[in-house]
Amino acid sequence: MHHALLVSDVRLYIFAYVDQIRSTGKRSLSRTSLASLAVTCKAFHEPAMDLLWAEVDRLQPLLGCVTRLHPLIYPRSRMVWDDTWTEGIEPLSADEIHQFLRHSARIRSLSMPSESTDRLFPLFSIIPQACVFPRLESLTLFTATHLGLFLSDKLRHCSVFDVEVEPPQSPTVHGVDLEDLSDDGDYLEELSDERILDQLSLLSSRIRSCKQLVTLSCPPLDWAAWKHLSNLPTLMEVGIREVRKEFGAPLWPLDRHIANFTPFFNLTVLSFTVDDTEYVTTILRHSQFPSLKRFWIMVAAPTATEANQLFHALSHYKQTLEQLTVIMSSYNHGFQNKYLTITQFFCFTQLRLLHLDCIESRIYLDNNLLLEAMSAWPHIEFFKIEDFGGNSSVTFRGLFTALSQSPQLESLRLSIDTVNIDIDLHAEPIPNTTLRALDLETSEFHIENAEVIARIIFTWFPCVEQVSKIPHTDSEPWDKVNMHLISLRTGAWHIIGGP
């Protein structure tokens, strides 16, 4: 062996380079090379094995180290993701636990996003609910049921999709026979809600043991967990997902006497997927996010009052917020006005991205409002509105006038009036060379002025190659416009001698 390879820093540098080799076929060239190095000599074994086990997808590789399970996990006739072999398998013995944990200390990243992974946990019944992955830094779990096994002191990235909401397997709960209550929907709903809250409470308790989190994505947390998170200087991103459920969402009990949290000084990203805005609004009201740059929310059925309260609470971060996405799947019947006004977003003067998606309602926009919006967001680069549709009040003249206030806008999506063409084709155009992506919607089934509109877009937006249809809408009207755009571009290339 060359003397340079006796220096540990040199070996680590070489192995890190090997780990980055790109694969050219189905088999990973880097992993094949590391596996060969691991059996070359003792000096190479440890660093090679550390890299081979650094990232693990699912628990099967660890279970494959158990002599009894290896032929079950890796038969030639079964796909690697098939977990049916777990049916009827006895839990691991004490000796088998040692085999299973042989390489657990090497793992830095562990991903188990599949619901089927839960079938494996009964194998570990004799393992205490304490972390068995001491160097784990990144974790992705489908449910939080066995979260304690993975909460390393070094954990920095944690994503938990759900909590266990299935009813217990025992035929009795609180001394009551479940079979006798199979038709009692109210009791089963109450039982499900109670179980969900118990699991959320356990999740919050476990999260409070994490001291170095950088990113966190999980079901709703209690206020004690939020208070703990506010004291983590490492935390930069939090995402909250509503719990899966068959009966409905049990609202997390709100503490009316909650005190304001310590400011989340370094948190830059907040996202929520919830059924109710109250949880989000309360978090925004009782917290401070002085570095917040990106906010994303998907919410179902807010009333007008709830929506206004949410956006008012969010407006406290108008000086820092750069990216805002609001997705509303429907409006509550108490929402009297079927239009969502865009004016409540004008205060966010630092916006670079705004995406509003209201599936079952309309976002009213006309030429004056669009001009006011573009003037309010001088740094906007990405502006998209998706709604229920209908006749648009934005014309091409209004669009060009408004975009003159947005010199950085690269991507635009909205509805436009394709009937009333208010552009003088003989006037000297002022081309917009910044816009690259243009997604338009029209209420018309057929665009009568397809060639005229194509010429307008070609002249005023020379960097837009075609008009992309808004998803879930009819693309046929724009197909003719795009055909004319291709013809115009081809003719221009011939004139200037291009290909």
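The values are calculated or read from the model by the stated rules, or taken from the named source; none is laboratory data. In this text, all values refer to a predicted model and were calculated from it rather than measured experimentally. Positions of Cβ are generated from backbone atoms using ideal geometry, with glycine treated the same way; all protein chains shown enter the neighbour counts. The area values use the complete protein model at the heavy-atom level, side chains included, leaving out ligands, DNA and RNA. Shrake-Rupley method; radii C 1.70, N 1.55, O 1.52, S 1.80 Å.
Where residues in the range 279-325 are in a helix (DSSP H, G or I) and open to solvent by 70 Å² or more (accessible area, probe 1.4 Å), which of them is farthest from Leu356 (Cα to Cα)?
Residues of the range 279-325 in a helix (DSSP H, G or I): 279-285, 304-317.
This time we only want the ones that are open to solvent by 70 Å² or more (accessible area, probe 1.4 Å), so: 285, 305, 308-309, 312, 316.
Numbers: Arg285: 22, Thr305: 18, Asn308: 15, Gln309: 17, His312: 16, His316: 19 Å.
By that ranking, first place goes to Arg285.
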Scanning the range 409-437 for residues that are under 15 Å from Thr395 (Cβ atoms) and not in a loop (DSSP other than H, G, I, E, B) gives Leu412, Leu414, Ser415
Unmet criterion (only one of (1) assigned to a loop (DSSP other than H, G, I, E, B); (2) open to solvent by less than 30 Å² (accessible area, probe 1.4 Å)) for Pro128
(2)
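Out of the residues in the range 105-116 that are part of a helix (DSSP H, G or I) and either in contact with a Leu (Cβ under 7 Å, 6 or more places away or on another chain) or not hydroxyl-bearing (Ser, Thr, Tyr) (or both), which is most open to solvent (accessible area, probe 1.4 Å)?
The first filter runs over the range 105-116 and keeps only residues part of a helix (DSSP H, G or I), leaving 105-106, 115-116.
Subsequent filtering for residues that are either in contact with a Leu (Cβ under 7 Å, 6 or more places away or on another chain) or not hydroxyl-bearing (Ser, Thr, Tyr) (or both) retains 105-106, 115.
Working: Ala105: 43, Arg106: 31, Glu115: 99 Å².
Only one residue fits best here, namely Glu115.
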Condition first: modelled with pLDDT of 90 or more, over 16 Å from Gly239 (Cα atoms) and surrounded by 15 or more Cβ atoms within 10 Å (Cβ to Cβ). Can you find one or more residues in the range 265-274 that meet it?
no
One residue is enough: does the range 82-99 have a residue meeting the conditions of a type in the set (D, E, K, R), at pLDDT 90 or above, assigned to a helix (DSSP H, G or I) and open to solvent by less than 30 Å² (accessible area, probe 1.4 Å)?
yes
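Across the range 413-429, what is the total count of residues that are of a type in the set (A, V, I, L, M, F, W, C) and either in contact with a Leu (Cβ under 9 Å, 6 or more places away or on another chain) or exposed (fewer than 11 other Cβ atoms within 10 Å of the Cβ) (or both)?
Initial filter on the range 413-429 (of a type in the set (A, V, I, L, M, F, W, C)): 414, 416, 419, 421, 423, 425, 427.
Add one more test, that the residue is either in contact with a Leu (Cβ under 9 Å, 6 or more places away or on another chain) or exposed (fewer than 11 other Cβ atoms within 10 Å of the Cβ) (or both), and what stays is 414, 416, 425, 427.
Total satisfying the criteria: 4.
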Condition first: within 26 Å of the chain's Cα centre (by Cα), part of a helix (DSSP H, G or I) and surrounded by fewer than 20 Cβ atoms within 10 Å (Cβ to Cβ). Now tell me which residues in the range 344-383 satisfy that.
Gln344
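Kindly establish whether Arg102 is open to solvent by 40 Å² or more (accessible area, probe 1.4 Å), of a type in the set (D, E, K, R) and either at pLDDT 90 or above or in a loop (DSSP other than H, G, I, E, B) (or both). Before you say what the answer is, go through the steps one by one.
Working: open to solvent by 40 Å² or more (accessible area, probe 1.4 Å): yes; of a type in the set (D, E, K, R): yes; either at pLDDT 90 or above or in a loop (DSSP other than H, G, I, E, B) (or both): yes.
It is true that Arg102 is open to solvent by 40 Å² or more (accessible area, probe 1.4 Å), of a type in the set (D, E, K, R) and either at pLDDT 90 or above or in a loop (DSSP other than H, G, I, E, B) (or both).
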